[in-house]
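The values are calculated or read from the model by the stated rules, or taken from the named source; none is laboratory data. Note that the structure is predicted; figures quoted are calculated from it, not measured. Surface accessibility is based on the protein's heavy atoms, side chains included, excluding ligands, DNA and RNA. Shrake-Rupley method; radii C 1.70, N 1.55, O 1.52, S 1.80 Å.
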Amino acid sequence: MKKERMLGDVFRAISRFFVFFLLVAFVITCCLMLFVSTLEITMDISFTREDITAAAKITMVNVIVISIFFFTVDSVRRRYTVKRPIKKIVDATEKMISGNFDVRIPVGSKFASDDTFTEIIDCINKMAHELSGVETLRTDFIANVSHEMKTPLSVIQNYGQLLQSPSLSEEKRIEYAKEITDASRKLADMMTNVLKLNRLENQQIYPSAVRYDLGEQLCECLLRYESVWESKNIAIETNIADGIFILADRELLSLVWNNLLSNAFKFTESGGTVGVSLASDGEYAVVKVKDTGCGISPEVGAHIFEKFYQGDTSHSSEGNGLGLALVKRVADIMQGEISVDSEVGAGTTFTLRIRRDKNDTDKAA
Ligand code: ADP
């Protein structure tokens, strides 16, 4: 293989030299013929056959020397401005093919390489940077999912073992079976969220937009938590404007309201208040989900929309840190804006701004 490549290189060098030789020979012959005929005409000189043969031999040697000179200069130029950057690019892409996205190609000095190569190297470096980001996200995601799966799985394993004991009382049997059911529900919820997020991120869910009353949907979602607010003695405040219609995917948005409301009820202690409001602001519908719960510190607030991030570990068994990542993704898909305003110990307000149905805003205008 190496021998074949060397032979190929030699053959290419010979053919390149031959091209130089022909080019130089053609140029010098043309110049000489012009020069000789001009001399003959202007100075009235005539050259003998011997003169011309002697001159042709000297010229031939000249042609060979000049060809070798230009061939050498061109080879050195090619080596530094073409072969070197190509070798760097090939080496780097081979490393990327084998999964190493940390490689970066150093950009050579401006004089040593062609501008086109600098551009290509720049693009490859950017591509490697993006790919390494995606790779980190992927490995982090797998690590997080595996970590989150471990706890419920070990709960199931431990209680499953305890259930095998023959001397178990009826009360204990029910308690252990409940633990297993809860842990498997947590696992199932997490996998459902992972799948939803994955489909949303890959845009496999194409929002099927329909026109509907946003206030009605908010009331429906809120009513699903009736048993929670009754058992925790939480007061409800609503301020939902009538007749605000949006053109959106119902299911996607109900995912948002359910996550915001379940967090509000989860993080609000007994005797607290949860409020939902809907108002229109020009072209936008503005939904606020407010609670008087524990609040979010600025350090925690900076990460709440990240996957698997859980700021409040005291409630970690009731969630998996994917809820707000889903909310953010849906808001992005709908070209909406989600923001959070919170004070530790006082409460939290999540605000989502989404575009109202264009027909309504056009009519109002
Ligand atoms: P989780 O499953 O933990 O609720 P989320 O993605 O829904 O995951 O929320 C991420 C984190 O944001 C929570 O762990 C909590 O620290 C914080 N958080 C979200 N909503 C609230 C809220 N209403 N009040 C206080 N903290 C909240």
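Of note:
- Overall form of segment 227-365 per C-alpha gyration tensor (a/c, 1.5; a/b vs b/c): prolate
- Euclidean distance of C-alpha centroids, segment 116-182 and segment 196-271, integer Å: 27 Å
- Checked against a 29 Å cut-off, the cross-linked pairs K2/K88; K126/K358; K95/K196; K328/K358; K150/K196; K172/K232 give Cα-Cα distances beyond that limit for K126/K358; K95/K196.
- Against the main long axis of the alpha-carbon atoms of the chain, helix 2-43 sits at an angle near 50°.
- Residue-normalised accessible area of segment 134-201, expressed per residue, 1.4 Å probe, Å²: 70 Å²
- Cross-link partners of K307 among aspartates and glutamates (Cα-Cα below 13 Å; sequence separation of 8 or more within a chain): D140, E148, E201
- Sulfur and carbon atoms: percent of accessible area, the chain [1.4 Å]: 59 percent
- Amide H contacts of T238 (H built 1.01 Å from N, in plane; Pro and chain starts excluded): V276 sit under 5 Å, all sequence-distant by 5 or more or on other chains.
- The chain: angle of helix 115-163 to the longest principal axis, Cα-based, in degrees nearest 10: 30 degrees
- Built amide H within the under 5 Å cut-off of I244, gap 5+: L214, G215
- Overall form of segment 1-126: prolate. Here a/c, set by the Cα gyration tensor axes a ≥ b ≥ c, is 1.5 or more, and a/b is the larger of a/b and b/c.
- For the chain, built as a Gaussian network whose Cα springs stay under 10 Å, the top-fluctuating residue of I45, I64, I28: I45
- Rounded to whole numbers, the Karplus 3J(HN,Hα) couplings from phi for segment 74-84 are 5, 5, 5, 4, 5, 4, 7, 9, 10, 5, 4 Hz, using 6.51 cos²θ - 1.76 cosθ + 1.60 with θ = phi - 60°, and x at Gly and Pro.
- Accessible area of segment 231-352 divided out per residue, in Å², using a probe of 1.4 angstrom: 46 Å²
- Between helix 323-333 and the chain: long-axis angle, C-alpha atoms, 0 to 90°, nearest 10: 50 degrees
- Shown in residue order for segment 194-201 are the 3J(HN,Hα) couplings computed by the Karplus curve 6.51 cos²θ - 1.76 cosθ + 1.60 at θ = phi - 60°: 4, 5, 4, 5, 4, 5, 5, 6 Hz (x for Gly and Pro).
- Ranked from largest to smallest solvent-accessible area, with a 1.4 Å probe on the protein heavy atoms, Y176, Y212 come out as Y176, Y212.
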